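Below you'll find the structure, written out as structure tokens, and then a few comments.
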Amino acid sequence: MITMLSDFGDRDIYVGVMKGVIAEINPQVRVVDLTHQIPPQNIAAARFCLMNAYPYFSDGTVHLAVVDPGVGGTRRAIAVQFANGFLVGPDNGTFSGLLSQSPALAVVELTNPDYWRISQPSKTFHGRDIFAPVAAHLAKGVPFQELGNPINSATLVQMDISGCILTETGIAGSIQYIDHFGNLVTNIPGSYVQGKTWYVKAAGLTITGSETYSDVEVGEAIALVESHGWVEIAINRGNAHSQLQIHLEDTVELAFES
């Protein structure tokens with residue numbers, strides 16, 4: 001299986017072209033679209049979505065992720081082998097969240113043109129000319145080490161997203177992702193609040209922690225642990241991002257009631 005994640009949207013032909021390249025090489029492979037609605041060039045959003053999606057796929061899955069503002073520049077094109085499968089895409093931090101949970105077993109730079117679509121790839125569409133064909137070949141069983149030169153996993157680009165910090169009164173964190181509904185996903189794991197009475201402070205507001213959106217009236221703010229396992233701030237039937245004016249990387253504080 002191959003999963004695909006990108007910021008290409010569904011208006012243009014880019015995603016369809018990549019699927020055509022994959023089908024030409026490996027017509028039997030199953031392709032699953034994670035999303036192609038990552039905000040343009042938003043590597044942090046790509047990192048978050050891939051990190052939270054990969055556990056739901058079988059071992060051996062090839063995860064193809066192309067959010068690539070540095071395409072054609074000095075950033076490396078890579079493939080990564082990890083315990084659950086493979087990653088293919090640019091070395092720009094997209095894979096750093098997933099690899100913090102399941103470390104790399106091996107990494108190669110994609111230097112072998114035998115597994116590209118053409119030997120002189122486009123400077124602006126490596127998704128078509130390098131990443132899609134490499135993913136198709138991997139899913140077909142090409143040995144990982146044949147794809148290019150090995151590199152040290154310690155040299156992979158890391159996203160500058162700091163973790164949450166335990167404080168005397170609770171946990172200090174930040175907003176790491178904003179979803180389609182405007183829900184504000186923090187970098188605080190939900191495991192910290194299990195069985196406790198808690199609340200979140202953000203943008204001068206105190207927001208009660210609860211379990212479901214309907215625990216508050218329509219239009220009211222709530223904090224809860226979402227299905228992805230992170231504490232988030234939401235508004236029942238509303239958009240927390242626009243209504244509360246809380247943004248990516250804004251700080252939040254989670255506190256417990258005694």
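A short reminder: the numbers here are calculations on the coordinates, not readings from a lab. Treat the numbers as computed from the prediction; the structure is a model and nothing was measured. We place every Cβ from the backbone using ideal geometry, glycine too, and count neighbours over all the protein chains shown.
Ordering 92-102, 22-32 by mean Cβ neighbour count within 10 Å, with the highest value first, yields 92-102, 22-32.
Please state the charge dipole magnitude for the chain, taken about the Cα centre, from unit charges on C-beta atoms (+1 on K and R, -1 on D and E), reported in debye and rounded to the nearest 20.
Its charge dipole is roughly 740 debye.
By the beta-carbon count within 10 Å of each Cβ, the least crowded to most crowded order of 198, 116, fewest first, is 198, 116. If you build a Gaussian network model of the chain, linking Cα atoms that sit under 10 Å apart, which residue out of 111, 155, 35 swings the most? Result: 155 has the largest fluctuation of those listed.
Rounded to the nearest Hz, the phi-derived 3J(HN,Hα) couplings of the range 28-33 under the Karplus curve 6.51 cos²θ - 1.76 cosθ + 1.60 (θ = phi - 60°) are 8, 6, 8, 10, 10, 7, where x marks glycine and proline.
Relative contact order for the chain: what percent, with Cα pairs under 8 Å and sequence separation of 6 or more? Intermediate values should be presented prior to the final figure.
Values: 543 pairs, mean separation 40.9, N = 258.
Worked out over the chain, it gives 16 percent.
For the range 242-249, 3J(HN,Hα) computed residue by residue from phi via the Karplus equation (6.51, -1.76, 1.60; θ = phi - 60°) reads 6, 7, 9, 6, 10, 10, 3, 6 Hz, glycine and proline entered as x. With the simple model of a label 7 Å out from the Cα in the direction of the Cβ, residue 120 to residue 144 spans 3.4 nm. For the peptides 12-20, 174-182, the ranking by packing is 174-182, 12-20, with the highest mean count of neighbouring Cβ atoms within 10 Å listed first. Using the Cβ of residue 35 as centre and a radius below 11 Å, the other residues enclosed give a net charge of -4, where K and R count +1 and D and E count -1.
Simple rule: put +1 on each Lys or Arg Cβ and -1 on each Asp or Glu Cβ in the chain, find the dipole, and look at 248, 228, 3; the Cα lying farthest toward the positive end is 3. Each residue of the range 178-193 is assigned a 3J(HN,Hα), and the resulting list reads 10, 8, 4, 8, x, 6, 9, 8, 8, 9, 9, x, x, 4, 5, 10 Hz, derived from the Karplus form 6.51 cos²θ - 1.76 cosθ + 1.60 (θ = phi - 60°), x at Gly and Pro. In this simple spin-label model, placing a label point 7 Å from the Cα along the Cα-to-Cβ direction at both residue 239 and residue 208 gives a separation of 2.7 nm. A cut-off of 5 Å between modelled amide H atoms, ignoring neighbours fewer than 5 places along the same chain, links residue 3 with 32, 62, 63, 64.
Output the peptides 212-222, 125-135 sorted from most to least packed, where packing is the average of other Cβ atoms within 10 Å over each peptide's residues.
Numbers: 212-222: 14.3, 125-135: 25.9.
Listed from highest to lowest mean packing, they are 125-135, 212-222.
Specify the angular offset, from 0 to 90 degrees and rounded to the nearest 10, of the alpha carbon long axis of helix 14-25 from the longest principal axis of the alpha carbons in the chain. The angle comes out near 50 degrees. Straight Cα distances below 22 angstrom link residue 19 to the lysines 123, 140, with same-chain residues fewer than 8 positions distant left out.
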